[in-house]
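Chemist: What follows is a single structure, and I will ask about it in a moment.
The values are calculated or read from the model by the stated rules, or taken from the named source; none is laboratory data. This structure is a prediction, so every number in the text was calculated from the model and none was measured. All Cβ positions, glycine included, derive from the backbone under ideal geometry; neighbour counts span all protein chains shown.
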Amino acid sequence: ADLEPCPAAQPRGRLLQTPRAAELLLLLSCPAFRAHFARLFGSEAAEQWRFASAAPEEEVSGDEEEDQLRALGWFALLRVQPCGEAAEAAHGPAMTVAPLGAVAKGTPLLACGSPFGAFCPDIFLNTLSRGVLSNAAGPLLLTDARCLPGTEGGGVFAARPAGSLVALVAAPLCWKAREWVGLTLLCAAGPLLRAARAALAHLPDIAALAALLPTEVGSPRSLPLRGLSPPWAAAAVLVEFGSVWGSGVAMAPRLVVTCRHVAPREAAKVLVHSANPKSVAIWGHVVFATQEASPYDIAVVSLEEDLDGVPIPKPVEHFHEGTAVSVVGFGVFGQACGPSVTSGILSAVVQVDNTPVMLQTTCAVHGGSSGGPLFSTHSGDLLGIVASNTRDNNTGATYPHLNFSIPITVLQPALQQYLQTGDLSGLRELDRAAEPIRVVWRLQRPQPTVPRSKL
Amino acid sequence: MRRQWGPTMRVAEQAGCVVSASRAEQPEAGLWSCSGVILSRNPVLVLCHGGIFTPFLRGGSGTLTAAGATFLPGDSCGDDLRLHVQWGPTAASPAGRSEQGRPGLFTPSC
């Protein structure tokens, strides 16, 4: 492609500046980002992770993929050559940068990048995408804002303070075990700019440019990230059963609900980890798990000690399609990174005999999220328990943004009965769900090739 | 969305840009590009992803993983590196239009 300025013509899309020549000042990486990346993605399971722009089944040479991985945490500082026209000083507001730790999990974010890079900038330049801060490990951030190849280096901004730069896109697409995770990997802008200043100090010819880099404004950067998330998110716990782990939600100080496929056997011992308000691990045992034949994939765990300080969510009584919702779960990283928050809407409420029996959302849901809570984003009330996302068995494609939850209204009366009396009979009714409910949860359709639920 | 995000969208769109890298002597050999953020306007300083520079590193991509390397000066890339930055219209600047080459991307009917 020829990127030299070309004669003006009838614009198809928006008007653009002609491309301007620039020089590379330096390449830089954020050491803390690299350290967290190595911890989270560089374990024995590293081969499960890919960050290539191409889908896992596409052919990408090993060298090319290795180059991409090496460069993943590297950024570049450029200086555009002056154009000789009026100085650009007056154009655009001054950039502000959010300090690391000042943005909480679940905070809405706006990503701005150019899909496919320099391809058709009049069409694709500065495409916007909304999401939330899903997770954080130091300056390594994850968002569920959907980004595309070519948006690497694009800015990610917060609404408060207005237009503050939170991060830059490091890898728009993440794949784990050949499944698209639906999260975008970011590097926090504050530490990156600090690294740029430190690097410039070693380069006398351009050291003065450090004074022009935007500085962090806002809350102190010493705030602990773990404590910064919506209060309702703290009800999510990690449930470990042998080598299997999944998510769960605290329904009482000593009672956790999860999925049967996470804690499959009654009387089995499980370890429940809570990340907030403090990191604790408490043993418990499964007091109830639905039978394999039950459409409801549910297990109830009784703990040996109270989950101190963990908020008990308020269950909703009614569902409204289109409600903003959040899924909190330990998908993707397990214990290594605390729970992830993903955002979306309640996309469908499936009813049988006017009773909700299944919820669908547009939140990104990954393996390990099973058993986690589905909350109303605005009220923090509990809507359901995540049970599965979707895989098309014909193509192998996983759809993290189509997922299924068990409405809390299905469980709440039985849980209350158990909590008050120790009587499990209400929960046992879940094994006797009517055939139409079984049909819904089997995703039975006339066509034989429909996607099947799994997680 | 506009009311809450209006100021942020304005900042994001004014700061957003696209960065292209090619070889001066062999532009046909390939074009690498990514997104970027304009950090400063006078002079114009841009922060973008480093991945597009990998093919131009004198020491190869291994330079990026050399022990302790947290930055590399600009001359770590070969002299034939040519960079261009493009951004959207700003109030007082003449606007043009670029006709880009077409990579293998098309828009199939859904």
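Chemist: So which of A:Ala336, A:Ala364 is hydrophobic (A, V, I, L, M, F, W, C), under 17 Å from the mean Cα position of the chain (by Cα) and surrounded by fewer than 16 Cβ atoms within 10 Å (Cβ to Cβ)?
Modeler: Details: A:Ala364 fails: surrounded by fewer than 16 Cβ atoms within 10 Å (Cβ to Cβ).
The unique qualifying residue is A:Ala336.
Chemist: Which of the residues belonging to the range A:111-125 are crowded, with 24+ Cβ neighbours inside 10 Å and in contact with a helix residue (DSSP H, G or I) (Cβ under 7 Å, 6 or more places away or on another chain)?
Modeler: A:Cys112, A:Ser114 - these are the residues of the range A:111-125 that are crowded, with 24+ Cβ neighbours inside 10 Å and in contact with a helix residue (DSSP H, G or I) (Cβ under 7 Å, 6 or more places away or on another chain).
Chemist: Could you please tell me which pairs satisfy a Cβ distance under 7 Å, a separation of 6+ or placement on different chains, a first residue in the range A:243-271 that is closer than 23 Å to A:Ser326 by Cβ, and a second residue that is of a type in the set (Asp, Glu) and surrounded by 24 or more Cβ atoms within 10 Å (Cβ to Cβ)?
Modeler: Close Cβ pairs satisfying both conditions: A:Cys259/A:Asp297; A:His261/A:Asp297.
Chemist: Next question, about the same structure. Among the numbered criteria (1) at pLDDT below 90; (2) under 30 Å from A:Gln17 (Cβ atoms), which one does A:Trp180 miss?
Modeler: Among (1) at pLDDT below 90; (2) under 30 Å from A:Gln17 (Cβ atoms), A:Trp180 violates only (2).
Chemist: Here's a follow-up. Among residues belonging to the range A:12-33 that are at pLDDT below 90 and touching a strand residue (DSSP E or B) at 6+ places or on another chain (Cβ under 9 Å), point out the one that is farthest from B:Gly50 (Cα to Cα).
Modeler: The extreme case among them is A:Leu15.
Chemist: Among the listed residues A:Leu141, A:Leu168, identify the single one that is more than 10 Å from every other protein chain (Cβ to nearest Cβ) and either in contact with a Leu (Cβ under 7 Å, 6 or more places away or on another chain) or surrounded by fewer than 24 Cβ atoms within 10 Å (Cβ to Cβ) (or both).
Modeler: Details: A:Leu168 fails: more than 10 Å from every other protein chain (Cβ to nearest Cβ).
The conditions single out A:Leu141.
Chemist: Of the residues A:Leu183, A:Leu193, which single one is among the hydrophobic types (A, V, I, L, M, F, W, C), in contact (Cβ under 8 Å) with a residue 12 or more places away in the chain, in contact with a His (Cβ under 9 Å, 6 or more places away or on another chain) and under 25 Å from A:Phe33 (Cα atoms)? Let's see the steps before the verdict.
Modeler: Numbers: A:Leu193 fails: in contact with a His (Cβ under 9 Å, 6 or more places away or on another chain).
Sole residue among the options that is among the hydrophobic types (A, V, I, L, M, F, W, C), in contact (Cβ under 8 Å) with a residue 12 or more places away in the chain, in contact with a His (Cβ under 9 Å, 6 or more places away or on another chain) and under 25 Å from A:Phe33 (Cα atoms): A:Leu183.
Chemist: Considering only residues that are of a type in the set (Ser, Thr, Tyr) and part of a loop (DSSP other than H, G, I, E, B), look in the range A:345-372 and name the one that is nearest to A:Val439 (Cα to Cα). Before you say what the answer is, go through the steps one by one.
Modeler: Here is the first cut: in the range A:345-372, the residues of a type in the set (Ser, Thr, Tyr) are A:347, A:355, A:361-362, A:369-370.
Those left that are additionally part of a loop (DSSP other than H, G, I, E, B): A:362, A:369-370.
Numbers: A:Thr362: 22, A:Ser369: 23, A:Ser370: 21 Å.
In this case the residue turns out to be A:Ser370.
Chemist: Next up: Quick check on my filter: what residues within the range B:24-62 are crowded, with 18+ Cβ neighbours inside 10 Å, touching a Lys or Arg at 6+ places or on another chain (Cβ under 9 Å) and more than 7 Å from chain A (Cβ to nearest Cβ)?
Modeler: B:Pro55, B:Phe56
Chemist: In the list A:Ser302, A:Ser279, A:Ser294, which residue meets the criterion of being farther than 30 Å from A:Ser129 by Cβ, surrounded by fewer than 24 Cβ atoms within 10 Å (Cβ to Cβ), among the hydroxyl-bearing types (Ser, Thr, Tyr) and touching a residue at least 60 places away in the same chain (Cβ under 8 Å)?
Modeler: Values: A:Ser302 fails: touching a residue at least 60 places away in the same chain (Cβ under 8 Å); A:Ser279 fails: touching a residue at least 60 places away in the same chain (Cβ under 8 Å).
One residue alone meets the criteria, A:Ser294.
Chemist: Let me ask something else about it. Which residue is farthest from A:Glu152 (Cα to Cα), if the candidates are limited to the range B:1-18 and must be in contact (Cβ under 8 Å) with a residue 12 or more places away in the chain and within 7 Å of chain A (Cβ to nearest Cβ)?
Modeler: As a first pass, look at the range B:1-18 and keep what is in contact (Cβ under 8 Å) with a residue 12 or more places away in the chain: B:13-18.
The next check asks that each one be within 7 Å of chain A (Cβ to nearest Cβ); those that pass are B:13-16, B:18.
Working: B:Glu13: 16, B:Gln14: 17, B:Ala15: 15, B:Gly16: 12, B:Val18: 10 Å.
For the range B:1-18, the residue satisfying everything is B:Gln14.
Chemist: Taking the residues in the range A:126-138 that are assigned to a strand (DSSP E or B) and of a type in the set (Gly, Ala, Ser) as candidates, determine which candidate is nearest to the other protein chains (Cβ to nearest Cβ). Write out each step before concluding.
Modeler: As a first pass, look at the range A:126-138 and keep what is assigned to a strand (DSSP E or B): A:127-137.
Restricting the remaining residues to those that are of a type in the set (Gly, Ala, Ser) gives A:129, A:131, A:134, A:136-137.
Working: A:Ser129: 10, A:Gly131: 12, A:Ser134: 19, A:Ala136: 20, A:Ala137: 19 Å.
Restricting to residues being assigned to a strand (DSSP E or B) and of a type in the set (Gly, Ala, Ser), the top hit is A:Ser129.
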